[in-house]
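Read the structure below first, then the notes.
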Amino acid sequence: MEGNAPATRPSLLARLSDRQNDVAWQSFHDAYGPLIYAHCRRHGLQHADAVEVVQDVLVDVARAMPGFRYDRKRGRFRAWLGTLTYRRLCRYWRRLRLRLPHASLDVMRLAESLEDHRADWNDDVDTHVLRQAMREVSGRVEPSTWQAFVRTWLHDEPAAQVARSMGRDTAWVYVAKSRVLRKVRREVERQMRNLALD
């Protein structure tokens, strides 16, 4: 499974300076597109509009790449990508207001939700990375171990109840949960580094 891990993102970012590098651009889209899309949906965009904003953000990234040099000391990549996404969301809402000058209060409220963009963006980044990490780890552990982890950690079921229903003892459930949680934490750290989001 480790062989399927994404390329280190600072090196991926360097390869994006070549606009013809389709493999690098596909990797970038696969890594960051779902994050940007989820963030747009959180801010009330319909599917087609969210897809359009994702494409607009990718165009902005493409324009910036020829002179882009990743330097962690100058700031986080996640903050820069979040700023690009925020700007595109603002443009979307401005265009919508121009097209619909008598927009409903709901549209106005959705536009005002952008005020919480930074906190929302950071939450969305964390959620995206955790989902990716859990997907990765779930393929590396026994299904019963994963099930015990999900039931106790995600669904907050009592360990004794999980043990009884799985025909295991309670100690096994605690050990399974602890081992998987440790793997998930390591995978989150790895993904944050690889995606240059730490």
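Residue-wise test of (1) outside any helix (DSSP H, G or I); (2) surrounded by 15 or more Cβ atoms within 10 Å (Cβ to Cβ); (3) under 17 Å from the mean Cα position of the chain (by Cα).
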site	(1), (2), (3)
ASP56	no, yes, no
MET65	no, yes, no
LYS73	no, no, no
GLY82	no, yes, yes
TRP93	no, yes, no
- Task: Check every one of the helices (runs of 4 or more DSSP H) wholly within the stretch 114-172 and list those with 2 or more residues that are touching a residue at least 60 places away in the same chain (Cβ under 8 Å).
- Result: 117-138
- Query: Of all residues in the stretch 52-88 being aromatic (Phe, Trp, Tyr) and in contact with a helix residue (DSSP H, G or I) (Cβ under 6 Å, 6 or more places away or on another chain), which is farthest from ARG15 (Cα to Cα)?
  - Reply: TYR86
- If you take the residues in the stretch 2-21 that are assigned to a loop (DSSP other than H, G, I, E, B) and among the polar types (S, T, N, Q), which one is modelled with the lowest pLDDT? THR8
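The values are calculated or read from the model by the stated rules, or taken from the named source; none is laboratory data. A quick note: this is a predicted structure, and the numbers were derived from the prediction, not measured. Don't worry about glycine lacking a Cβ; one is built from the backbone with ideal geometry, like all the others, and counts go over all protein chains shown.
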